[in-house]
Amino acid sequence: MKILGIDTSCDDTSAAVIEGSSTILSNIVSSQTDIHKKYGGIVPELASRMHMEMISHVVKEALDQAQADLSLIDAIAVCKGPGLIGSLLVGCGFAKSLGYAAGIPVVGVNHLEGHIFAPFLESEPEFPFISLIASGGHTSLYQVNSFGNYEELGRTRDDAAGEAYDKIAKMMGLGYPGGPVIDRLAAEGDSRAFNFPRAYVPESFDFSFSGLKTSVRRMLQTIVPDGDTRKIPERTMRDLAASFQASVVDVLVRKVEWVIAKRGIGRVVLTGGVSANNELRKRMQLMADERNAKLWLPSLKLCTDNAAMIAAAGYHHFMAGDIAGLDLNPKAYLPL
Ligand code: KG4
Ligand code: ZN
């Protein structure tokens, strides 16, 4: 069985073909980073226009690379939210038209469910497990009991972890997206140089990153009162990046550690763009080893947005007979 996956939830146009529940035959991601870079963040209107331009090419490339034509595709799995509504509409409209014209059933997949199922494309996490989804739009903790059975344990009360990386990078004049560049700078910085706050949100598995953002902003105002971040010495930039990153990583690792202790579940899966972070991967692994917990860290390409993860979750919907009608309508806000 072959599933064609499509994801246009944010700023990347992606299409993939998987065989069965988990064998990737192709996973094409067309990045729009260069377009949004000059604005310091994603411009939703531009994102939808680029999806319109790219979607048919990306789907064709995914089919070609998988050496599959439409007659071999059993189902189309498309991301139906959450995300940017203009972007989601492009993917859903395309999937429905293609499905209708070619007589292929379409299934709608929640983007977060896609992230949760990304690790299954490389390994087989055992249920129940704890899933930390840390991306540009989300920072949430779920207990995953089985396919379709998800218990939300906590979520961010303000910014997502990736959003904090992106905003801090913008303030520091480092461009977009912020995660990879801060990750790189931080590797050579002193994480104790600046003492930024860690918001642990007591008695809860929720997160909060807006206080940290404000604290970094104030520090930058002290270092360069005129706001010209080009004057900041290289060494200070690295220390700022490392200290900021330490705050984010400390909180994410500590929260997962609490969940393991409270829930008595020693299996953890990291997913979402921030899971590509080197320091987070290292520190989470150390914590898991100390606690005798098993940790699944997807490869970097499966951490960030991709359509193979949508196809992986879509496979289960298809097997359960959960087929979407032509009235499938994406939603910007769509809880799991
Ligand atoms: O999962 P994703 O590709 O898209 C969303 O669903 O949001 O995540 C993108 C986010 C961005 O905020 C980006 O800055 C962050 O993931 N990111 C990272 C790293 N690579 C990407 N954050 C920290 N360290 C990284 N290496
Ligand atoms: Zn995502």
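The values are calculated or read from the model by the stated rules, or taken from the named source; none is laboratory data. Here the structure is a predicted model, which is why all the values come from computation and not from measurement. Cβ sites come from the backbone with ideal geometry, for glycine too, and all protein chains shown count toward neighbours. These accessible areas exclude ligands, DNA and RNA; they are computed on the full protein's heavy atoms, side chains included. Shrake-Rupley method; radii C 1.70, N 1.55, O 1.52, S 1.80 Å.
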### Query
Picking from D34, D7, D69, D11, which residue would you name as being open to solvent by 10 Å² or more (accessible area, probe 1.4 Å), in contact (Cβ under 8 Å) with a residue 60 or more places away in the chain and in the same structural domain as G314 (by TED's automatic domain parsing)?
D11
### Query
How many residues are crowded, with 24+ Cβ neighbours inside 10 Å and either free of Cβ contacts under 8 Å to residues at least 40 places away in the same chain or near ligand 2 (Cβ under 10 Å from one of its atoms) (or both) if we restrict to the stretch 102-133?
6
### Task
Considering only the stretch 227-274, state which residues are among the aromatic types (F, W, Y) and closer than 15 Å to A169 by Cα.
F244
### Query
Does any residue in the stretch 265-279 that is more than 7 Å from ligand 1 (Cβ to nearest atom) come within less than 9 Å, Cβ to Cβ, of a residue that is open to solvent by 10 Å² or more (accessible area, probe 1.4 Å) and aromatic (F, W, Y) six or more places away or on a different chain, and which pairs are these?
R267/F127; R267/W296; V268/W296; V269/W296; L270/W296; T271/W296
### Criterion violated by K262 - all others in (1) more than 30 Å from F194 (Cα to Cα); (2) basic (K, R); (3) touching a strand residue (DSSP E or B) at 6+ places or on another chain (Cβ under 8 Å) satisfied
(3)
### Query
Does the stretch 248-263 contain at least one residue that is more than 19 Å from I24 (Cβ to Cβ), in the same structural domain as S191 (by TED's automatic domain parsing), crowded, with 22+ Cβ neighbours inside 10 Å and over 23 Å from the mean Cα position of the chain (by Cα)?
no
#### Entry: Residue in the stretch 274-285 that is in a loop (DSSP other than H, G, I, E, B) and within 16 Å of ligand 2 (Cβ to nearest atom) present
yes
### Query
Of these, R184, R192, which one is open to solvent by 20 Å² or more (accessible area, probe 1.4 Å), in a helix (DSSP H, G or I) and at pLDDT 95 or above?
R184
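For (1) within 22 Å of the chain's Cα centre (by Cα); (2) in a helix (DSSP H, G or I); (3) not polar (S, T, N, Q), each residue gets a yes or a no:
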{"site": "R230", "(1), (2), (3)": "no, yes, yes"}
{"site": "D239", "(1), (2), (3)": "no, yes, yes"}
{"site": "A246", "(1), (2), (3)": "yes, yes, yes"}
{"site": "L295", "(1), (2), (3)": "yes, no, yes"}
{"site": "A308", "(1), (2), (3)": "yes, yes, yes"}
{"site": "A312", "(1), (2), (3)": "yes, yes, yes"}
### Message
Among the residues in the stretch 147-160, are any within 16 Å of ligand 2 (Cβ to nearest atom), surrounded by 23 or more Cβ atoms within 10 Å (Cβ to Cβ), more than 21 Å from I260 (Cα to Cα) and in the same structural domain as V269 (by TED's automatic domain parsing)?
### Response
yes
### Which listed residue is small (G, A, S), touching a helix residue (DSSP H, G or I) at 6+ places or on another chain (Cβ under 9 Å), open to solvent by less than 10 Å² (accessible area, probe 1.4 Å) and under 15 Å from A307 (Cβ atoms), from S56, S87
S87
### Message
Filter the stretch 174-190 down to the residues that are away from ligand 2 (no atom under 16 Å from the Cβ) and within 12 Å of N278 (Cα to Cα) and list them by number.
### Response
V181, I182, D183, R184, L185, A186, A187
### Check on A169, surrounded by 22 or more Cβ atoms within 10 Å (Cβ to Cβ), in contact with a Ser or Thr (Cβ under 9 Å, 6 or more places away or on another chain) and of a type outside the set (D, E)
no
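Okay, residues lined up against (1) away from ligand 1 (no atom under 13 Å from the Cβ); (2) within 19 Å of the chain's Cα centre (by Cα):
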{"site": "A95", "(1), (2)": "yes, no"}
{"site": "Y100", "(1), (2)": "yes, no"}
{"site": "I104", "(1), (2)": "yes, no"}
{"site": "F117", "(1), (2)": "yes, yes"}
{"site": "F120", "(1), (2)": "yes, yes"}
{"site": "E124", "(1), (2)": "yes, no"}
{"site": "P128", "(1), (2)": "yes, no"}
{"site": "R157", "(1), (2)": "yes, yes"}
{"site": "K167", "(1), (2)": "no, yes"}
### Query
Do the conditions hold for P202, that is, is it over 30 Å from K37 (Cα atoms) and assigned by TED's automatic domain parsing to the domain that holds A242?
yes
### Task
Examine the stretch 40-52 for a residue that is among the basic types (K, R) and modelled with pLDDT of 95 or more, and state whether such a residue exists.
yes
### Query
Mind checking whether some residue in the stretch 206-218 is open to solvent by 30 Å² or more (accessible area, probe 1.4 Å), part of a helix (DSSP H, G or I) and more than 28 Å from L141 (Cα to Cα)?
yes
### Message
Out of the residues in the stretch 288-336 meeting the condition of being of a type in the set (V, I, T) and under 23 Å from Q32 (Cβ atoms), tell me which one is least open to solvent (accessible area, probe 1.4 Å).
### Response
I310
